[in-house]
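Throughout, read-outs are computed from the coordinates displayed, never taken from laboratory work. Only a predicted model underlies this, so the values are computations on that prediction, with no experimental measurement involved. A quick note on method: Cβ atoms are made from the backbone with ideal geometry, for glycine too, and the neighbour counts reach across all protein chains shown.
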Amino acid sequence: MGKPVAEKFVNIVDDGTIPGLRGTINVDDEGNDSRKTVLVENGVLNSYMHDRISAQYYKVNPTGNGRRQSFRYNPIPRMRNTYMPAGPHDPEEILRSVKKGSTRRSSATARSASERATSRFTSRPGT
């Protein structure tokens, strides 16, 4: 915490308060108010996503990320609307700099299977 983890222009946010998005919630599954949590600010690790248990361990306040996969599971820290705000670089400049790889403009869905430590993302080319 408080140490550089990325370039100085990198910011990462998890925000459960953006109207109309899938990860938007009024309160998490533990009754904590949803809020905007800045995870990385100017390249420096600023916060983790916390449920009540992790918040108690780290001696911080819950971030409103205590969510259940379903009623059968206990709440764990889970993403809401996680994104990187626009940085100082032009998107076309970034695309030109990629020599080999793939790009994605948006993600249709993101699913995590925490018991298997795997993730699945779905996207459509050009969207």
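Ranked by the mean number of other Cβ atoms within 10 Å of their residues, highest first, the peptides 70-77, 93-100 come out as 70-77, 93-100. Each of Asn61 and Met1 was given a label point 7 Å from its Cα along the Cα-to-Cβ line. The distance between the two points is 1.4 nm. Taking a ≥ b ≥ c as the square roots of the eigenvalues of the Cα gyration tensor, an a/c ratio of 1.5 or more together with a/b no larger than b/c marks region 12-89 as oblate.
For Thr103 and Asn42, a Förster radius of 25 Å and the Cβ-Cβ distance give a FRET efficiency of 0.50, rounded to the nearest 0.05.
The packing ranking of peptides 82-92, 28-38, 49-59, highest mean first, is 28-38, 49-59, 82-92, where packing means the average number of other beta carbon atoms within 10 angstrom of each residue. Where in region 1-41 is the amide nitrogen less than 18 Å from a point lying 7 Å along the Cα-to-Cβ axis of Ala86? Under cut-off, by backbone N: 9-13. Pairs spanning more than 25 Å between alpha-carbon atoms, out of Lys3/Lys99; Lys8/Lys59; Lys8/Lys36; Lys8/Lys99: Lys3/Lys99; Lys8/Lys59.
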